[in-house]
Each structure stands twice: as structure tokens, then as C-alpha cells.
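Everything below concerns the one structure shown next.
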Amino acid sequence: MKISKIPGLGRFGVFIDDVDFNTITDEEWMELGKIHLQSLVTIIRNTNLNLSNYDKFIYKWGSARALSKAHLMKKYPQGWDWMWQCVNNNDDAMHIDDRRWLTTVDGLGQRTEIGRVQRVSGRKDENGNPMGMFAEGDLLWHSNESGQIHHTPAVSLLAAENVIGSSTGFITTTDYYESVSDAFRSELDEMIIVHRFSPGKINPGLPAEQDFLMHSNMCPDDESEIPLVMQSPAGIRGLHYSVNTVSQIKGMSMEESRRVFDLIDKELFVDKYIYDHWYQSNNDLCLFDNTITLHRRQGDIKNRLCYRIQYDYTNLQTAPYMPYFQNEFQQIYRERITEAITALNIKDFKLP
């Protein structure tokens, strides 16, 4: 196994080469996970990982998590089978928007031996229906579930087919946060961001049916408030600045907020903090933080196929994860994450 620095991304980001997933031990894989926690972005190049063992490895670090599903499980305690009966029977006992969400998401997923993963693809079926998320055009800077205070902290993306000619890009925020003046950093520490969903802002040209999913995933409750500054599961402090839902700074007008955002944009979105990974082969595995790191997609995606898992790092952590520093938001986070973990029936999660 060979580790090298990714260019850009400030002091973060590593490539790992020569990993054999047929022979790697659990101990070695967990050690690799600890390296990844500190690097925020890890790209394991040209792997022999595939759909049959992809989720098995990821779930050794933590559990799959999707807050949209947790919301439905809490709303309909009758269970998943009952929900599907409502879908199949067109039963109004389940709200039409929820039935719509369930059927759309099901068509974008790929079943595996132990569960399912999300397809990220521009492919369409014989009826012209998208077979994966983000089926059209460029995908702009974002983090997943960005407008939800208990967002999932980790994402992995396995390049599967026809990825050459496309890229997955990353930007970390810590080096920028640490570079500003002490006075401005203190202001950033106090800022509470109001998140709102804007159709088409993450993926211009996305069909309305998928943009509907983006709303439920990214920011189901418009006007949600989340501190700008938080820490990753490794305790690295940076900005939770997903530009697709960041809308306003609490206590400031839209005009005042825009001036601050423009300043951040000018100083953050520069080459020294960005790395766009233009794929040279299939089967690269991208692992990335989802708290203080943003990602994007560029290039040709017509026949591209990747698989994605959102998950947590609980099995790599020695203590429960708390992203926030303010008592008020710590309490809200405890309540929301406990609700989600309970609804999803996740075992052995380190609740704060």
C-alpha cells in the first residue's frame, strides 16, 4: 500500500495505491479508515473493489444512513413493507408525495447481497427514465443533506463504468478558515446559516422528478438553521458551506449576507484548495468527508456509472461524534440524531 499527497486541497487529501481488497485484513482496513478521517478526502486508485464487496467494506467503518428514509420510518412506524403496500395499492394512508419519493428512489438504487446502494449515472432505461441520481449535466459544489443539522458525515463513490472523461472534484474548507484574520474567524464561529432549497441550484437541467428528490434530501425544511463552523468526526474544524442551500446569515439582511458569502467565495474557491479528480480508469474509490468538505462533478456523464453510499464513521471513533460547539445546537443535534438512528434501527451507533 502506497500513500501520497493529493495536489490541491490545502494540507488535506491522500491517494492510496496498491490496495488489494482480496487480501486486506480487517485490521489494515480499519487503519486505512483512521488515515482517511485525518485526510478528509481519500482516493484509492484502480482498485479490485466491485459491487459485490463494496458495501461490505464500507459498513465495517459505520452504518449506511439516509435521512429521507429515516423521516419516512418515523412518519410511518407501520414499516417498510406497509409503505410499499400503500405504493402498490395507491393507498392514501401514505401521502402521495411520500409514495412518489419511494418509487422514484427505488428506481435509482441497486440491490446488493446485503442491502442496496445508490446509482449515480446518466443512463436511462428503455422508457427514458433515469437509472441514477444526477442524470443530467454538471453537478455543482455541494454537500449531501446540507440543510439538515444531523446530516450524514461521510460519502463514498465507487467508479464502475465509463468514468474516463469525467471528474469528481473536492474542496476542503479548513485551510481557508485558518487563514483568515482572528477577528473574522471569530465572526465565522458565531454565524448561523439559514438554509433554503432552490430548484436547479445543485444540478442545472435536472428533471423535476429528481429535483423533487433533491429537496427532500438536501433541505426538506426550508429556513433550517445550522452553524457555519463545525468539526468533522476527526475533530477538524471548518465551514459547513454547501452553496446549494446556504441562503442567508441569521440576523443579517439578504444583501449583508450576500456580501459575506461573496467574500468567502472569492477566497475559498481557488485552485490551492480544489482538486478535480479526472478519472484515468474505472474502479477508483473516492472517500470523502461530508461536513466541512464539498464535492462536484464535471465532464461527460452520458454512460457513466458510479455507486454511492452515505454512511457514518462510528466504528472508527473512540467516542460519540458531536459536530457543534454551541449548547443550543448540541441539544438539537442529540435529539435529531437519536430520532434518526432509532427510526432506521441502526445498532451499535455511538449516540452523543
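Please give the helices (runs of 4 or more DSSP H) falling wholly within region 171-256 in which 1 or more residues are β-branched (Val, Ile, Thr), buried (at least 21 other Cβ atoms within 10 Å of the Cβ) and modelled with pLDDT of 95 or more.
Working: elements: 174-179, 182-190, 208-218.
Passing ranges, in order: 174-179.
Within region 272-294, count every residue that is of a type in the set (A, V, I, L, M, F, W, C) and surrounded by fewer than 22 Cβ atoms within 10 Å (Cβ to Cβ).
Initially, region 272-294 is screened for residues of a type in the set (A, V, I, L, M, F, W, C), giving 274, 278, 285-288, 292, 294.
From what is left, the residues that are surrounded by fewer than 22 Cβ atoms within 10 Å (Cβ to Cβ) are 274, 278, 286.
Adding up the residues that qualify gives 3.
Would it be correct to say that Ile346 is touching a residue at least 60 places away in the same chain (Cβ under 8 Å), closer than 30 Å to Lys34 by Cβ, of a type outside the set (Gly, Ala, Ser) and not in a loop (DSSP other than H, G, I, E, B)? Lay out the reasoning, then the answer.
Working: touching a residue at least 60 places away in the same chain (Cβ under 8 Å): yes; closer than 30 Å to Lys34 by Cβ: yes; of a type outside the set (Gly, Ala, Ser): yes; not in a loop (DSSP other than H, G, I, E, B): no.
Criteria not met by Ile346.
Identify the residue in region 1-29 that is assigned to a helix (DSSP H, G or I) and touching a helix residue (DSSP H, G or I) at 6+ places or on another chain (Cβ under 7 Å) and, among all such residues, is surrounded by the most Cβ atoms within 10 Å (Cβ to Cβ). Outline the logic, then answer.
Start the filter on region 1-29 by keeping residues that are assigned to a helix (DSSP H, G or I), which leaves 26-29.
From what's left, touching a helix residue (DSSP H, G or I) at 6+ places or on another chain (Cβ under 7 Å): 26, 29.
Numbers: Asp26: 9, Trp29: 14.
Result: Trp29.
Just for region 240-287: of the residues that are in contact with a Leu (Cβ under 7 Å, 6 or more places away or on another chain) and of a type in the set (Phe, Trp, Tyr), which one is nearest to Phe197 (Cα to Cα)? Step through it out loud before you land on a result.
Pass one, region 240-287, residues in contact with a Leu (Cβ under 7 Å, 6 or more places away or on another chain): 240-242, 244, 273, 275, 283, 285-286.
Going one step further and asking which of them are of a type in the set (Phe, Trp, Tyr), we end up with 241, 273, 275.
Numbers: Tyr241: 14, Tyr273: 26, Tyr275: 26 Å.
So the residue we want is Tyr241.
Name the residues in region 8-20 that are within 12 Å of Thr42 (Cα to Cα) and out of contact with any Pro (no Cβ under 9 Å at 6 or more places or on another chain), would you? It would help to see each step written out before you state the result.
Narrowing region 8-20 to residues within 12 Å of Thr42 (Cα to Cα): 9, 12-17.
Residues satisfying the conditions are Leu9, Phe12, Val14, Phe15, Ile16, Asp17.
What is the number of the single condition among (1) within 17 Å of Asp289 (Cα to Cα); (2) in a loop (DSSP other than H, G, I, E, B); (3) not acidic (Asp, Glu) that Ile164 does not meet?
Ile164 satisfies every listed condition except (1).
Restricting to region 315-342, give me the number of residues that are within 29 Å of Val117 (Cβ to Cβ), of a type in the set (Ser, Thr, Tyr), at pLDDT 95 or above and not in a helix (DSSP H, G or I).
1
Name every residue in region 298-314 that is over 25 Å from Lys69 (Cα atoms) and either in a strand (DSSP E or B) or touching a strand residue (DSSP E or B) at 6+ places or on another chain (Cβ under 9 Å) (or both), in order of residue number. Explain how you work it out, then say what you get.
Filtering region 298-314 down to residues over 25 Å from Lys69 (Cα atoms) leaves 298-304.
The answer is Gln298, Gly299, Asp300, Ile301, Asn303, Arg304.
Considering only residues that are over 20 Å from the mean Cα position of the chain (by Cα), modelled with pLDDT of 95 or more and of a type in the set (Ser, Thr, Tyr), which ones fall in region 15-60?
Thr23, Thr25, Thr47
Let me spell it out: the conditions are (1) crowded, with 21+ Cβ neighbours inside 10 Å; (2) part of a strand (DSSP E or B); (3) polar (S, T, N, Q), and Gln110 meets all of them except one. Which number is the exception?
Checking Gln110 against (1) crowded, with 21+ Cβ neighbours inside 10 Å; (2) part of a strand (DSSP E or B); (3) polar (S, T, N, Q), the one that fails is (1).
Please specify each residue of region 33-59 satisfying the condition of being assigned to a loop (DSSP other than H, G, I, E, B) and among the aliphatic types (A, V, I, L, M). Spell out how you get there, then give the answer.
Applying the first criterion (assigned to a loop (DSSP other than H, G, I, E, B)) to region 33-59 yields 40, 45-50.
Listed by number, the residues that qualify are Leu40, Leu49.
Which ones in region 60-88 are part of a helix (DSSP H, G or I), closer than 28 Å to Lys5 by Cβ and either without any contact (Cβ under 8 Å) to a residue 60 or more places away in the chain or in contact with a strand residue (DSSP E or B) (Cβ under 9 Å, 6 or more places away or on another chain) (or both)?
Pass one, region 60-88, residues part of a helix (DSSP H, G or I): 60-61, 67-75, 80-88.
Remaining after also requiring closer than 28 Å to Lys5 by Cβ: 60-61.
Trp61, the sole residue that qualifies.
Out of all the residues in region 216-257, which are acidic (Asp, Glu) and on the phi < 0 side of the Ramachandran plot?
Filtering region 216-257 down to residues acidic (Asp, Glu) leaves 221-223, 225, 255-256.
Across region 216-257, the qualifying residues are Asp221, Asp222, Glu225, Glu255, Glu256.
Output the number of the condition that Asp276 fails; it satisfies all remaining conditions of (1) touching a helix residue (DSSP H, G or I) at 6+ places or on another chain (Cβ under 8 Å); (2) assigned to a strand (DSSP E or B); (3) among the acidic types (Asp, Glu).
With (1) touching a helix residue (DSSP H, G or I) at 6+ places or on another chain (Cβ under 8 Å); (2) assigned to a strand (DSSP E or B); (3) among the acidic types (Asp, Glu) applied to Asp276, the lone miss is (1).
Residue under question is Asp262, and the condition is that it be more than 23 Å from Gly13 (Cα to Cα), assigned to a loop (DSSP other than H, G, I, E, B) and out of contact with any strand residue (DSSP E or B) (no Cβ under 8 Å at 6 or more places or on another chain); does it hold? Spell out how you get there, then give the answer.
On the way: more than 23 Å from Gly13 (Cα to Cα): yes; assigned to a loop (DSSP other than H, G, I, E, B): no; out of contact with any strand residue (DSSP E or B) (no Cβ under 8 Å at 6 or more places or on another chain): yes.
The answer is no for Asp262.
State all residues of region 113-161 that are outside any strand (DSSP E or B) and of a type in the set (Asp, Glu); if no residue qualifies, say none.
Once the filter is applied, which keeps residues that are outside any strand (DSSP E or B) and of a type in the set (Asp, Glu), region 113-161 yields Glu113, Asp125, Glu126, Glu136, Asp138, Glu145.
Would you mind stating whether Thr25 is under 30 Å from Gly238 (Cβ atoms) and not charged (D, E, K, R)? Before the answer, list the steps.
Numbers: under 30 Å from Gly238 (Cβ atoms): no; not charged (D, E, K, R): yes.
Criteria not met by Thr25.
The values are calculated or read from the model by the stated rules, or taken from the named source; none is laboratory data. These figures come from a predicted structure and were not determined experimentally. All Cβ positions, glycine included, derive from the backbone under ideal geometry; neighbour counts span all protein chains shown.
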